[in-house]
Number of protein chains: 2
Amino acid sequence: MAATILVVEDDPDLAQIVRYNLEAEGFAVTTLSDGAAADTLVGAIRPDLVLLDLMLPNVSGLELCRRWRQRPELLDMRIIMVTAKSDTGDRVAGLETGADDYVPKPFSVPELVARVKAQLRRAQPDLPRGRVVAGDIELDPASHRVRRGGRELHLGPTEFRMLEHFLANLGRVVSRHQLIAGVWPRRPDIDARTVDVHVGRLRKALNAGRTQDPIQTVRGIGYRMDPVPPK
Amino acid sequence: MAATILVVEDDPDLAQIVRYNLEAEGFAVTTLSDGAAADTLVGAIRPDLVLLDLMLPNVSGLELCRRWRQRPELLDMRIIMVTAKSDTGDRVAGLETGADDYVPKPFSVPELVARVKAQLRRAQPDLPRGRVVAGDIELDPASHRVRRGGRELHLGPTEFRMLEHFLANLGRVVSRHQLIAGVWPRRPDIDARTVDVHVGRLRKALNAGRTQDPIQTVRGIGYRMDPVPPK
DNA sequence: CAGTCCAGTGACAGTTTCGTCACGGTTTTA
DNA sequence: TAAAACCGTGACGAAACTGTCACTGGACTG
């Protein structure tokens, strides 16, 4: 699944170059030239990472960074500041305001890409990179297979994604809202009852012929998945 | 709790400067001059972050980074590469090998510190509420779980909130009025007898099969919770 | 000691949350 | 193209939770 990147850059040529190169790496890129527009749309776009020019026409990148870091729903979003200002004080100020990295202009595109990837490597550890085993449940993304107790199960795409999300948050309670964001990243309008229905479908598939359900309902909060020991 | 930083640097003067400045920021710093020693000891030290010189006498920083990234127990450890080599290719190679950041020598110490902090901000997010242990009772908000003596208890939402409140005021007497404000923040009209009923429900859940009640009634004042030592 | 106050408790009706079913629409497969 | 698979949602009922009341026993006081 492609990470989404928002490029906030008022130089249209540079924005284009960056966009082209990041899309060539498989990222989904949105460019905005205007800091105010970025401020308005960031909550809706919910990018995984923002490349944020420090010098913007109507609101500075530093101010945007400061605002965004105070929004709980944007805490996981990485921010790389990009600027022609090479003063150390600005770098330190940017990093202290909450930027995850700071890249001076002019930069080499390969280095920018490498830094983007380094940030996203950390930002998306939740997606299992390889086979995951939790108790008697085993998920292998490479073969898109799920087994319980050694027996292969059939899951639809949505239930597969949901299981991935639960396994990535094993032992932790996950709210319906979080499940919506994680399983339906492009559909924030999904109804909470829909989550429950899909949890039910996942339970049905996982638990066929078994008495132990690894997914517990935490009333008023959400769901939690625990490993069930193999028999 | 102070984050631990391992500095792997063969220039003793530079190591000293870095150590001094990081310790002034409150970090616990270990310095090693030798890559082989670092490789041997990193698993035991388990630093939160390594400042890794690329050019080391007997094994390169790049090779160390590659090795460490393959050890699951070290995945959370941040790696910042530091080197006089300013070639972009090396930066990209370092970042792709698994470094989280790359700082060229000569660097400014404030910037290095800011980058260290930016990495640790991500590595150790300040959770507003963490796991609480009081005597034989353990509450974990992340998993929304309560255990007594290692055994998981089921609490309803109101009783969970009440326990949180008691644990946040451990050893102190809490009035019914305070409990109403803390457990029912949107219902100031809650009856005081209701508090008593819920305290009774919490006691029932906590104390099943036990003789010691961690919650004491302070007549005419309220309730106080004390840790009960594990058996 | 009797009277009063306070807190514990069982029970109940009402409210809230979640599980499930069924359906119509969309997408995928053969 | 038709059939199968998948999907999201509205409706309904089951299950869990909730706040209060009435009663009672224990603690406190004069």
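The values are calculated or read from the model by the stated rules, or taken from the named source; none is laboratory data. Computed from a predicted model, the values in this text were never measured in an experiment. As a convention, Cβ positions derive from the backbone with ideal geometry for all residues, glycine included, and neighbour counts pool all protein chains shown. We work out accessible area using only protein heavy atoms, side chains counted, and drop any ligands, DNA or RNA first. Shrake-Rupley method; radii C 1.70, N 1.55, O 1.52, S 1.80 Å.
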So for R0 = 41 Å, FRET eff. of B:Q16-A:N21 from the Cβ-Cβ r, to 0.05, ends up at 0.50
When the charge dipole of chain B is computed with +1 at the Cβ of Lys and Arg and -1 at the Cβ of Asp and Glu, the Cα pointing farthest to the positive end, of B:H165, B:V59, B:T211, is that of B:T211
If each part is reduced to its alpha-carbon centroid, segment A:45-110 and segment B:22-52 end up apart, in Å, by 29 Å
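How well do other chains shield peptide B:151-161, expressed as the mean number of their Cβ atoms within 10 Å of each residue Cβ? Don't skip to the end; give the middle numbers.
On the way: counts 0, 1, 0, 2, 0, 2, 4, 1, 0, 4, 1.
If you average over the peptide's residues, the count of other-chain Cβ atoms is 1.
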Calculated from DSSP helices alone, with each H run of at least 4 adding -39500 (n - 2.57) and the total divided by the residues of chain B, [θ]222 nm to the nearest 500 comes to -12500 deg cm²/dmol
Excluding near-sequence neighbours (fewer than 8 apart on one chain), chain A holds lysine pairs with C-alpha atoms under 27 Å apart numbering 4
For peptide B:55-64, the mean count of other chain Cβ atoms within 10 Å per residue Cβ is 0
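May I ask for the accessible area buried between chains A and B, both sides summed, probe 1.4 Å, to the nearest 100 Å²? Let's see the in-between values first.
Details: alone 12430 and 12880 Å², together 22840 Å².
Chains A and B together bury roughly 2500 Å² of accessible area.
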Sorted shortest first, the nm distances from the B:G171 label point (7 Å along Cα→Cβ) to its counterparts in the other copies are 2.8
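Rounded to the nearest 20 Debye, what is the dipole magnitude of the protein assembly as shown about its Cα centre when Lys and Arg each give +1 and Asp and Glu each give -1 at the C-beta?
Numbers: 66 positive and 62 negative charges, 596 e Å.
Charge dipole, the protein assembly as shown, about its Cα centre: 2860 debye, nearest 20.
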For chain A the mean separation of alpha carbon contacts under 8 Å (6+ apart) over residue count, i.e. relative contact order in percent, is 13 percent
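What accessible area per residue comes out for segment A:132-225, rounded to a whole number of Å², with a 1.4 Å probe?
Values: 4810 Å² over 94 residues.
Per residue, segment A:132-225 has 51 Å² of solvent-accessible surface.
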Distances in nm between the label point of A:G26 (7 Å along Cα→Cβ) and its equivalents in the other copies, shortest first, are 4.0
So, in nm and shortest first, the distances from A:H144 to its counterparts in the other copies, with label points 7 Å along Cα→Cβ, work out as 3.2
Unit-weight point scatterers at every alpha-carbon of chain B, Debye formula, q = 0.16 1/Å: log10 I(q)/I(0) is -0.95
To the nearest 20 debye, segment A:1-135 has a Cα-centred charge dipole, built from +1 on Lys and Arg Cβ and -1 on Asp and Glu Cβ, of 580 debye
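What do the square roots of 5 times the Cα gyration tensor eigenvalues come to for segment B:63-173, in whole Å, largest first, as semi-axes of the equivalent ellipsoid?
Details: eigenvalues 397, 56, 20 Å².
Working through the eigenvalues yields semi-axes of 45, 17, 10 Å.
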Expressed in square angstrom to the nearest 10, the accessible area of A:T88 with a 1.4 Å probe stands at 50 Å²
Using alpha-carbon positions, the gyration tensor of segment B:1-59 gives root eigenvalues a ≥ b ≥ c; with a/c under 1.5 called rounded, otherwise prolate if a/b exceeds b/c, else oblate, the class is oblate
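If you roll a 1.4 angstrom probe over the protein chains with everything in place, what fraction of the accessible area of the protein assembly as shown belongs to carbon and sulfur, to the nearest %?
Details: 11680 of 22840 Å².
That fraction is 51 percent.
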Simple SL model, points at 7 angstrom along Cα→Cβ for A:R187 and A:K204; separation in nm is 1.7 nm
Between B:L75 and A:T40, the FRET efficiency computed from the C-beta separation at R0 = 41 Å comes out, to the nearest 0.05, as 0.65
